[in-house]
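To start, the structure itself, in structure tokens.
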Amino acid sequence: MTFTYQINDDVVWNKDKKLLDKADRNKPEILKSKIQPVAIVEILPDEKKINGYKSAITKTKIQHLPQVLLKRDDSIILDLGDHYVGTFAIDIQSIGSPMDAPLFLKVKFAEVAAEIAADSAAYDGWLSRSWIQEEYIHLDVLPTTLKMPRRYSCRFIELSVVDTSPKWQVSFQNPVFTAESSVTMEQLPKDTLADAELEAICNVSVKTLMDCMQDVFEDGPKRDRRLWLGDLRLQALADYYTFNDVRLIKRGLYLFGGMTTSEGKIPANVFITPQLTPDDTFLFDYSLFFVTTLFDYIQHTNDVEVLEDLYPVAKKQIDLALLLVTEQGKLCLQDEWPVFIDWSNDFKKNTAGHGVMIYALKRFVELAKRQEDVQLQFYQEKLAQLVAYAKDYLFDATENLFIVAENEEINIVSQVWMILSEIMPPEMNKKILENTVKTLFPIEGIATPYTYHHVVEAFCIAGMKKEAVTLIKDYWGKMIDMGADTFWEAFKPEDPNFSPYGSPIVNSYCHAWSCTPPYLIRKYLLTKINK
Ligand code: RAM
């Protein structure tokens with residue numbers, strides 16, 4: 001399970017002011033609401049919960065917080081009752097003899113109970129430890145109102161007194177968490193699903209999406225707090241079926257469209273502060289998802305102005321990708337523009353990448369028709385070549401499964417992306433997925449809701465609705481059983497305590513790419529479920 005950093009610091013960027021101004025005009029207002037903690041809790045081991053810990057309400061009621069006096073090494077954990085993103089403030093005073101030393105306080109914010117239990121000092125993973133939501137603060141004068149400096153993503157807040165002095169103790173009052181998002185729950189459709197388990201999964205999904213909907217669609221409000229194209233694509237799909245607030249989608253498209261390399265390539269993610277900055281990271285599939293995200297947006301809104309503005313950028317992504325396709329229709333991926341597909345590098349991704357190429361080109365051809373592009377026929381021919389190559393060289397007609405040509409490997413992502421690219425007749429798609437279930441299930445070695453999303457969507461495309469529902473319940477439902485208030489960046493059902501970083505403390509437990517069940521359910525499965 002690896003993801004490699006890219007450093008391409010020699011890239012020359014084009015910034016298109018007209019497009020970036022339009023991104024700016026779609027900047028959302030951040031809505032704020034005051035949340036008070038609902039309980040004082042303790043963290044207890046529980047192997048059934050994520051990473052082995054759960055929270056339990058203590059005997060001390062939250063109303064009695066001011067009466068709890070803390071001294072050296074004492075701590076208290078506040079529970080907001082749900083996951084929120086925002087800022088935190090609390091009143092603090094000293095009780096007892098005069099305050100003859102500063103208060104030394106540690107404040108830790110946690111999305112799940114296990115983060116409180118994790119020892120930050122022991123963290124030794126490859127992601128920056130600066131993502132750990134923990135602050136050490138000296139307060140020279142009490143009483144005061146402590147206003148924490150950052151925006152945090154959490155359900156639990158642990159206040160640990162590193163030291164007072166033997167002469168006095170500390171008391172906390174009026175904890176307030178100001179939750180932030182660019183949408184509210186009032187925007188959601190009012191209907192509920194007949195299936196209670198799926199309804200619960202949808203509720204956690206929309207909370208996940210809402211907490212990621214900030215100034216841009218963030219991938220995770222705890223980490224990386226930025227706009228990634230692969231995440232944007234899925235957030236947009238989920239948004240159409242839930243909040244239906246398209247400003248952030250439009251903003252995201254203009255941000256990516258407005259920042260490209262001198263050759264026209266779109267970065268995999270962008271930073272918004274201190275000024276708009278494209279990341280020097282490039283992913284083949286993420287660049288192509290600009291095209292599909294634009295296609296989905298146009299389908300949903302019919303916004304002609306956006307199409308006029310961004311069609312040339314979409315076309316450029318296709319043109320750059322087609323440079324890697326031979327006359328025969330073979331996609332030859334390059335190391336400097338890797339295909340992501342999934343974090344795991346335990347399987348080869350060439351065939352899945354070929355599937356993404358067809359998936360994106362098909363949608364581009366539809367846009368090209370709308371735009372009456374004079375090169376339409378060229379793209380149609382390229383599409384035909386890619387499809388022919390996939391059928392002739394990437395499909396094992398004896399096994400009825402797609403292979404990776406280089407080593408004849410048969411893996412799940414190849415099947416899934418080839419089904420999603422819809423190159424085979426429906427009956428064959430079904431046969432391929434039935435074989436996939438027979439030979440490659442239960443899924444192993446995949447830890448991302450991102451890939452599970454694509455597996456479920458492949459089931460939907462192949463008409464295997466029962467399997468789709470079962471997988472949604474088994475995967476997303478299991479996260480709820482294990483304590484999810486919002487869905488996670490990583491989850492490996494066969495090894496639930498797995499962390500891609502060696503410690504839960506830098507995992508994101510509210511992650512955009514896990515929020516898609518409402519899209520999957522409402523687009524493909526609703527009639528089935530409501531029967
Ligand atoms: C990680 C994030 C993000 C994802 C990229 C590829 O940094 O989890 O969501 O899109 O990987």
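Values quoted throughout were computed directly from the atomic coordinates according to the rules given, and no laboratory measurement underlies them. Keep in mind that this is a model prediction, so the values were computed, not measured. Here the Cβ positions follow ideal geometry from the backbone for every residue, glycine too, while neighbour counts run over all protein chains shown.
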- Message: Quick check for me: using +1 on Lys/Arg Cβ and -1 on Asp/Glu Cβ, what's the dipole size of region 31-181 about its Cα centre, in debye to the nearest 20?
- Response: 360 debye
- Message: If the reach is capped at under 22 angstrom between alpha carbons, list the lysines near K466, excluding any in the same chain fewer than eight residues apart.
- Response: K430, K431, K438, K478, K492, K523, K528, K531
- Message: Could you give each residue of region 34-39 its phi-based ³J(HN,Hα) in whole Hz, using Karplus coefficients 6.51, -1.76, 1.60 with θ = phi - 60°, and x for Gly or Pro?
- Response: 8, 10, 9, x, 9, 7
- Message: Kirkwood Rh and Cα-based Rg: tell me the resulting Rg over Rh for region 290-382, rounded to two decimals.
- Response: 1.00
- The Cα radius of gyration of region 31-181, divided by 2.2 N^0.38 Å with N its residue count, comes to 1.04
- Normalised by the residues of the chain, what does the relative contact order come to in percent, with Cα pairs under 8 Å and at least six apart? 19 percent
- Under unit Cβ charges (Lys, Arg +1; Asp, Glu -1), what dipole magnitude, rounded to 20 debye, does the chain have relative to its Cα centre? 1220 debye
- Task: Could you order peptides 68-78, 340-350 by the average number of other Cβ atoms within 10 Å of their residues, highest first?
- Result: 340-350, 68-78
- Query: Placing +1 at every Lys and Arg Cβ and -1 at every Asp and Glu Cβ, with all other atoms neutral, what dipole size does region 167-260 have around its Cα centre, in debye to the nearest 20?
  - Reply: 500 debye
- Counting each DSSP H run of 4 or more residues in the chain as -39500 (n - 2.57), what helix-only mean residue ellipticity at 222 nm follows after dividing by all residues, to the nearest 500 deg cm²/dmol? -11500 deg cm²/dmol
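With N set to the number of residues, divide the alpha-carbon radius of gyration of region 468-531 by 2.2 N^0.38 Å and report two decimals.
It is 1.24.
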- Message: Which log10 I(q)/I(0) values does the chain give at q = 0.06, 0.07, 0.09, 0.10 Å⁻¹ under the Debye formula, counting every alpha carbon as one identical point scatterer?
- Response: -0.31, -0.42, -0.68, -0.83
- Query: What ranking, highest mean first, results for peptides 12-20, 439-447 when packing means the other Cβ atoms within 10 Å averaged over each residue?
  - Reply: 439-447, 12-20
- Rounded to two decimals, the Debye log10 I(q)/I(0) of region 146-265 (Cα scatterers, no solvent) at q = 0.23 Å⁻¹ is -1.36
- Task: Please name whichever of T178, L127, I43 sits farthest to the positive end of the charge dipole of region 31-181, dipole taken about the Cα centre and charges placed at Cβ: Lys and Arg +1, Asp and Glu -1.
- Result: T178
- Task: Mind checking which of L80, I423, S160 is farthest towards the positive end of the chain's charge dipole, using Cβ charges of +1 (Lys, Arg) and -1 (Asp, Glu) about the Cα centre?
- Result: L80
- What ranking, highest mean first, results for peptides 368-379, 199-210 when packing means the other Cβ atoms within 10 Å averaged over each residue? 199-210, 368-379
- Work out from phi, with θ = phi - 60° and the Karplus expression 6.51 cos²θ - 1.76 cosθ + 1.60, the ³J(HN,Hα) of each residue of region 338-344, listed in order in whole Hz, and give x for Gly and Pro. x, 8, 7, 6, 6, 5, 5
